[in-house]
Amino acid sequence: MSVTIFTVAAGLVPWNQLDPSSGPVRAEGTGTGLTRIVRAATSTGRRGAYYLPVGHESRVLPMLVFFHGTGGKGSLAILRLQAFAGQGGFIALAPDSVSVAGVWKVGRHPGESTEDHRHVMACVHEVLGAPGVRVDRGRVLAAGFSVGSNAAAYLATHEAVFTGLAVLHGHVVPGAMGPRRPRTWLSAGDRDRARPVAYMKSVAEELGRAGFADVQLRVFRTGHTLEDQELTALTTWWLGPARGALQYRLTP
């Protein structure tokens, strides 16, 4: 398999500059949409949040389900994602992991269920059943950052609701994945020491060997963080036409 190399400049607002002290997002309407804390709670009292763009009642919308990295919270992720969801016209859901340390525990073998798995699906079904919400079932993306990537991959390969997978500066456990093979987008940073480019290429190759036929890898000028331009590229890939081919791209 050949590797096509491009480059992408970094954006201006680093993901890791979010202020954890800001606490959960309040459920309130704004001129750009509505943010709500999910009702479903874990045994540790953690929940998550979701964002509905303005005018969602009159539209059938795609849905992004985001899995935070270590130490993260869904409500903080929604603070970061809501501008992209508002501009792109999609629903953003970010559940909390059960662990107060912000790590995810999913099955080590296909078919295993954990509280994290059950909580994510409870959050998904809560949004699907919310009054005035209509989700485009053909465009539901599981996207995980860092350690959240393995949780996203586990859920996306087990649950039929997901039609796409994004592994953002993260890893997957091939032996734990279920039977489903959604189209997949991977990203890395050229200065990422936690998940170097060579490592992310090996993940893409492993997914190809595991039967994923539509895999794209993009490399950005950044470290172990998500920048604006990377999130824009992700949503463009997700909401654009599927290419149906295995590709490795370091995109300018």
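The values are calculated or read from the model by the stated rules, or taken from the named source; none is laboratory data. In this text the structure is predicted, and so the values were computed from the model without any measurement. Cβ placement follows ideal geometry from the backbone for every residue including glycine, while neighbour counts extend to all protein chains displayed. Please note that ligands, DNA and RNA were not included when accessible areas were found on the heavy atoms of the full protein model with its side chains. Shrake-Rupley method; radii C 1.70, N 1.55, O 1.52, S 1.80 Å.
When R134, R80, R139, R108 are screened for being of a type in the set (K, R), under 20 Å from W185 (Cβ atoms) and out of contact with any Pro (no Cβ under 7 Å at 6 or more places or on another chain), only R80 passes.
The set of residues in segment 153-204 that are of a type in the set (K, R), closer than 24 Å to D228 by Cβ and assigned to a loop (DSSP other than H, G, I, E, B) comprises R191, R193, R195.
Can you tell me which residue is nearest to E227 (Cα to Cα) among those in segment 65-82 that are open to solvent by less than 10 Å² (accessible area, probe 1.4 Å) and among the aliphatic types (A, V, I, L, M)? If we take residues in segment 65-82 being open to solvent by less than 10 Å² (accessible area, probe 1.4 Å) and among the aliphatic types (A, V, I, L, M), then L81 is nearest to E227 (Cα to Cα). Taking A142, is it in contact (Cβ under 8 Å) with a residue 60 or more places away in the chain and surrounded by 24 or more Cβ atoms within 10 Å (Cβ to Cβ)? Against the criterion (in contact (Cβ under 8 Å) with a residue 60 or more places away in the chain and surrounded by 24 or more Cβ atoms within 10 Å (Cβ to Cβ)), A142 qualifies. Residues that are β-branched (V, I, T), part of a helix (DSSP H, G or I), under 13 Å from the mean Cα position of the chain (by Cα) and crowded, with 16+ Cβ neighbours inside 10 Å are absent from segment 83-97 altogether.
In segment 16-25, the count of residues that are more than 14 Å from the chain's Cα centre (by Cα) and either modelled with pLDDT of 95 or more or buried (at least 19 other Cβ atoms within 10 Å of the Cβ) (or both) is one or more. If you filter segment 223-252 down to residues that are over 18 Å from the mean Cα position of the chain (by Cα) and open to solvent by 50 Å² or more (accessible area, probe 1.4 Å), you find that the one that is modelled with the lowest pLDDT is P252.
Residue-level check: of (1) assigned to a helix (DSSP H, G or I); (2) closer than 20 Å to V167 by Cα, L141 misses just (1).
Looking across segment 101-139, the residues that are open to solvent by 20 Å² or more (accessible area, probe 1.4 Å), farther than 14 Å from H171 by Cβ and among the charged types (D, E, K, R) come down to K105, E112, E115, R118, E126, R134, D136, R137, R139.
Name every residue in segment 92-120 that is within 24 Å of L61 (Cα to Cα) and without any contact (Cβ under 8 Å) to a residue 40 or more places away in the chain, in order of residue number. Listed by number, the list holds a single entry, R118. Residues that are surrounded by fewer than 22 Cβ atoms within 10 Å (Cβ to Cβ) and aliphatic (A, V, I, L, M) were ranked within segment 174-203; the one that is modelled with the lowest pLDDT is A176.
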